[in-house]
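The structure under discussion appears below in the form of structure tokens.
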Amino acid sequence: RYTSFPVVDSGGRTLGLLSIERPELGSRWEQAHTLVGDVVDRDPGLLVGRDQDVGELLGRAAFIRVGRAIVVGDHREPVGIISITDVERAIRATRLTDAGHRQPGGARAG
């Protein structure tokens, strides 16, 4: 069910993102003879810190192109993947929560 995976070096540091949707993976025969390091997307724009501003992330060309990014820790170890779908869900949830806290007439419940 997952389509992208973080790729790490021998020290556990993130190298980039491997997406099974990449056209350069080619046929099944070619996939069996292709090294991960040859097809991993090493764009630094795909790596984000835990404290990254979501607005800035949404403006990154790499995030727009791929639709996801790898969240990395202090030592560039992968701690998760965030997708555009995750961001959309969070925005919707915030809007619903905010709407649920408003009282009639636009005042917020406190």
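Across Phe63, Phe5, the residue with the most accessible area heads the list, and the full order at a 1.4 Å probe is Phe5, Phe63.
Per-residue Karplus couplings for region 6-14, computed as 6.51 cos²θ - 1.76 cosθ + 1.60 with θ equal to phi - 60°, are listed in order as x, 10, 10, 8, 5, x, x, 7, 5 Hz, Gly and Pro entered as x.
Amide hydrogen proximity for Asp43: with H placed 1.01 Å from N in the peptide plane, the residues at 5 or more positions away or on another chain lying under 5 Å are Leu17. The stretch between Ile20 and Ala99, if pulled fully straight at 0.36 nm per residue, gains 24.6 nm over its current Cα-Cα span. For Val8, the residues 5 or more places off, or on other chains, whose built amide H falls under 5 Å of its own are Leu15.
The values are calculated or read from the model by the stated rules, or taken from the named source; none is laboratory data. Note that this is a predicted model, so its numbers are computed, not measured. The protein model used for the area step is the full one, side chains on, heavy atoms only, and it has no ligands, DNA or RNA in it. Shrake-Rupley method; radii C 1.70, N 1.55, O 1.52, S 1.80 Å.
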